[in-house]
Amino acid sequence: MFLLSCMVLLGITGCDSRFKAEVTLTKYVTDLSRSQFFSLSAPAPVMPMGLPSLRDRQQTLTQFDIGLLDFLSLQQCDVGAVAGRKNSILGKVMPDSQRFLYELDIIRAIESCDIKSDDLSDELKLVAKTKQLELPKAFSNAIFNGAESDAFFSLSNGYLPLDYSTAQQQDLLDALSRLVAIGEALPRLPTVDGGKFEEDLKILMASEFSGRLLYSLVQITANLNAVASQVGSLEGVCGAPLTYLKQQFEVNYVETIQPYMGRIQGGAYQVLPLLNKLINLTAPHSDTMSAFLAQFSLTTSDSVWAEYQQASQWHAKSWSNLFSECSVAISSS
């Protein structure tokens, strides 16, 4: 039945890399369950918390209106031109990434404008100060609110490929590093290349990394926990029964799943520190968004990453204890 299911699945998906890791994990559980001492079904897919709705991601920015007379009086400097860009038809519907760039431009324009009217000068200085304090919010909206973040954090793209390699993600690391540098420079009003900024967001979108990582970790965790629980309860399997189980452990886990996990961990250790820096630089978030982003934490004990590490350790310890009880040596990859 398992082989038939795999044939159907592979027939539908062809070479779709989203399903190869799933087939591999299912095969591990199913091969072990061919033993009369081992009764286990492959866990159903577990869905982690998904990216919250836009309402829970959007950080509200203070709105400022410059009267017509004031606007006309500012035409001799850049403030009028920049404000006019925001008040245009396209400006009123600008995406969050462009809004962030606008906020930088308007602050810089206000600071460089020699305004004769003391009242107008004081008003605009207050605008610039408020906008400067709100730059992390505007930056957060640019990073987390667009179609780019929808794809970057999507859970619908399946597992990271079975042949995933950290060599494939240098563009992603470079983009994240540039975004972190912008976030760290916000107090100093950084000069941002708008074209490069948009390109970096597109790189995040194309990678689909965070959603695929999250999905992969949760599914691997469920499968390892299921196997570990079963292995820990085995009795009377020393001898021929254990020989078969050991073979399936080595063929499926040691030779295929463990290296795959190693590649995933290598990628996570490169990407997650940068992602968590972005998360911290754009805090505070809504409670719902904070709960979603907390899944990527490398330091908290209840994150998806922590649960994955715990499952990996429990799985390894369960097999090690069984082999030790039966005085059986196990090769390591």
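The values are calculated or read from the model by the stated rules, or taken from the named source; none is laboratory data. Please read all numbers here as calculations on a predicted model, not as lab measurements. Glycine also receives a Cβ, built like all others from the backbone with ideal geometry; neighbour counts cover every protein chain displayed. Ligands, DNA and RNA are excluded from the accessible area calculation, which covers all protein heavy atoms including side chains. Shrake-Rupley method; radii C 1.70, N 1.55, O 1.52, S 1.80 Å.
In nm, to one decimal, how far is the D193 label point from the A147 one, both placed 7 Å along Cα→Cβ?
Label at D193, label at A147, 2.4 nm between them.
Sort K116, K246 by accessible area with a 1.4 Å probe, largest first.
Descending accessible area places them as K116, K246.
Got the relative contact order for region 158-240 handy, in percent, Cα pairs under 8 Å and 6 or more residues apart?
45
Quick one: Karplus J couplings for region 101-111, per residue in order, coefficients 6.51, -1.76, 1.60, θ = phi - 60°, nearest Hz, x for Gly and Pro?
With the stated coefficients, region 101-111 comes to 5, 4, 4, 4, 5, 6, 4, 5, 5, 4, 5 Hz.
Which length gain, in nm to one decimal place, applies between S117 and A329 when the Cα-Cα distance is subtracted from 0.36 nm times their residue separation?
67.9 nm
Run the 1.4 Å probe and let me know the accessible area of K196, rounded to the nearest 10 Å².
70
When each pair of different Cα atoms in region 166-278 is counted once in the 1/r mean, what is the Kirkwood radius in angstroms, to one decimal?
17.2
In the full protein assembly as shown, how much of L298 is accessible to a 1.4 Å probe, in Å² to the nearest 10?
In the full protein context, L298 sits at about 60 Å².
I'd like to compare 260-269, 52-61: which one has the highest average count of other Cβ atoms within 10 Å, and what's the full order after that?
On the way: 260-269: 17.7, 52-61: 14.9.
Most protected by this proxy first, the peptides run 260-269, 52-61.
Subtract the Cα-Cα distance of S286 and M47 from 0.36 nm times their separation in residues, and report this length gain in nm to one decimal. Intermediate values should be presented prior to the final figure.
Working: separation 239, 0.36 × 239 = 86.04 nm, distance 2.12 nm.
Between S286 and M47, full extension yields an extra 83.9 nm.
Using the Cα atoms of region 247-300 to build a convex hull, what is its mean projected area in square nanometres?
Mean projected area for region 247-300: 4.7 nm², to one decimal.
Got a sec? What order do V192, V251 fall in by accessible area at 1.4 Å, biggest, i.e. largest, first?
V251, V192
Round to the nearest 10 and give me the degree value, 0 to 90, for the angle of helix 78-87's Cα axis relative to the longest principal axis of the chain.
It is inclined by approximately 60 degrees.
Sorted by accessible area with a 1.4 angstrom probe, largest first, how do E235, E103, E111 fall?
From most exposed to least exposed: E235, E111, E103.
When the convex hull of the C-alpha atoms of the chain is computed, what volume per residue in Å³ does it have?
142
With a 1.4 Å probe and every protein chain kept in, tell me what percent of the accessible surface of the chain is carbon plus sulfur. It would help to have the intermediate numbers written out before the result.
On the way: 8920 of 16280 Å².
That fraction is 55 percent.
For the chain, take the longest principal axis of its alpha carbons; what is the angle in degrees between that and the long axis of helix 118-133, to the nearest 10 within 0 to 90?
In the chain, helix 118-133 runs at an angle near 10 degrees to the longest axis.
What does the accessible area of M205 come to, in Å² to the nearest 10, when a probe of 1.4 Å is used?
Rounded to the nearest 10, the figure is 70 Å².
Packing-wise, with mean Cβ within 10 Å as the measure, how do 300-307, 209-216 rank, highest first?
So the order, starting with the most tightly packed, is 209-216, 300-307.
Taking only Cα atoms, what is the 0 to 90° angle, nearest 10, from helix 304-325's long axis to the longest principal axis of the chain?
Computed tilt is about 20 degrees.
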